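Here the structure comes first, spelled out in structure tokens, and everything after it is commentary.
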Amino acid sequence: MGRFRISSATKTVWWGNQHRFEHWYRDNTVYFVTSKVRDGLHAFKTEPAKRIFWDRFEHYTKEYEFEPWVESLMDNHYHFVGYLRRGEQLGRMMQRIHGSVAKLVNDLLPSRHVPFWRFAGNQDYFDGCLRNETQVRKASQYVLRQAIRARLVSDWREYPHTRLHVDLDERIRYAREVGAIPIPLAYRRYRRAGEPGS
């Protein structure tokens with residue numbers, strides 16, 4: 001499996017009936033990552049703001065060796081799916097993307113939006129380790145369909161800020177070959193009653 005670490009702002013695991021927010025840094029993993037601008041502000045409504053996002057995204061994904069497979073940028077949020085060989089790189093990559101995008105896009109806005117990303121519970125992005133081929137395909141389709149769901153286009157290829165970089169079937173085969181999927185650790189919530197650990 002390689003290295004695995006969980007990062008959280010608190011040691012308290014439960015707050016009432018809510019599990020703490022945490023990031024999982026796992027080597028050799030296909031990730032789904034998403035974030036929204038605080039308060040849903042349409043900070044990426046303009047093309048210059050979108051260009052800033054893409055420039056910083058492309059720069060830091062390359063620097064931290066994250067292989068983007070599919071991504072979509074909307075006016076106030078983004079999603080992406082991709083492969084990361086060294087899980088420890090995810091936190092630093094996201095910090096750099098978010099910090100530089102927030103600074104540069106704030107320079108374009110009529111008034112500064114600070115904090116730019118953070119929302120309830122001090123969360124600034126969500127990352128999920130995709131555990132099997134089904135999750136990879138569903139997450140990728142979800143990302144591809146963002147502009148369709150927003151009724152901006154009828155085909156994702158018509159929206160310039162949705163991108164598919166790879167042959168998804170080929171990358172899924174690769175992920176299986178290198179052991180990135182399936183991850184042999186089931187989510188407790190997906191187990192059926194009566195199964196071990198439920």
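The values are calculated or read from the model by the stated rules, or taken from the named source; none is laboratory data. Since the structure is predicted, the reported quantities are computational estimates derived from the model, not experimental observations. Cβ sites come from the backbone with ideal geometry, for glycine too, and all protein chains shown count toward neighbours.
Within segment 37-57, residues that are under 12 Å from Tyr78 (Cβ atoms) and touching a residue at least 60 places away in the same chain (Cβ under 8 Å) sit with their Cβ atoms under 8 Å from residues that are β-branched (Val, Ile, Thr) and assigned to a loop (DSSP other than H, G, I, E, B), at 6+ positions apart or across chains, in these pairs: Ala43/Val37; Phe44/Val37. Of all residues in segment 20-52, those satisfying the criterion of being part of a helix (DSSP H, G or I), at pLDDT 95 or above and not acidic (Asp, Glu) are Pro48, Ala49, Lys50, Arg51, Ile52. Close Cβ contacts (under 8 Å, 6 or more residues apart or on different chains) running from residues in segment 167-188 that are more than 18 Å from Leu84 (Cβ to Cβ) and of a type in the set (Ser, Thr, Tyr) to residues that are outside any helix (DSSP H, G or I) and modelled with pLDDT under 95 comprise Tyr187/Arg131. Listed conditions (1) over 30 Å from Arg176 (Cβ atoms); (2) touching a Lys or Arg at 6+ places or on another chain (Cβ under 8 Å); (3) among the hydrophobic types (A, V, I, L, M, F, W, C); (4) buried (at least 21 other Cβ atoms within 10 Å of the Cβ) are all met by Leu104, apart from (4).
Hey, any hits in segment 86-97 for a residue that's under 11 Å from the mean Cα position of the chain (by Cα), buried (at least 17 other Cβ atoms within 10 Å of the Cβ) and among the small types (Gly, Ala, Ser)? The answer is no, given that none of the residues of segment 86-97 is under 11 Å from the mean Cα position of the chain (by Cα), buried (at least 17 other Cβ atoms within 10 Å of the Cβ) and among the small types (Gly, Ala, Ser).
Check whether at least one residue in segment 60-72 is in contact (Cβ under 8 Å) with a residue 60 or more places away in the chain, surrounded by fewer than 15 Cβ atoms within 10 Å (Cβ to Cβ) and among the small types (Gly, Ala, Ser), and report yes or no. The answer is no; no qualifying residue exists. Can you name the residue in segment 36-59 that is crowded, with 22+ Cβ neighbours inside 10 Å and in contact with a His (Cβ under 8 Å, 6 or more places away or on another chain) and, of all such residues, is farthest from Asp107 (Cα to Cα)? Applying the filter and picking the extreme gives Val37. A count restricted to segment 157-187 and to residues that are among the hydrophobic types (A, V, I, L, M, F, W, C) and closer than 14 Å to His79 by Cα stands at 1. The listed residues are Arg137, Arg157, and the only one of them that is over 27 Å from Glu63 (Cβ atoms) and in contact (Cβ under 8 Å) with a residue 24 or more places away in the chain turns out to be Arg137.
For segment 68-84, the set of residues classified as out of contact with any Lys or Arg (no Cβ under 8 Å at 6 or more places or on another chain) and farther than 15 Å from Phe44 by Cα consists of Phe80, Val81, Gly82, Leu84, listed by residue number. Sub-7 Å Cβ pairs linking a first residue in segment 85-112 that is closer than 16 Å to Phe44 by Cβ to a second residue that is of a type in the set (Gly, Ala, Ser) and modelled with pLDDT of 95 or more, at least 6 apart or interchain, are Val105/Ala43; Val105/Ala49; Leu108/Ala49; Leu109/Ala43, ordered by first then second residue. When Ala139, Ala186, Ala150 are screened for being modelled with pLDDT under 95 and of a type in the set (Gly, Ala, Ser), only Ala186 passes.
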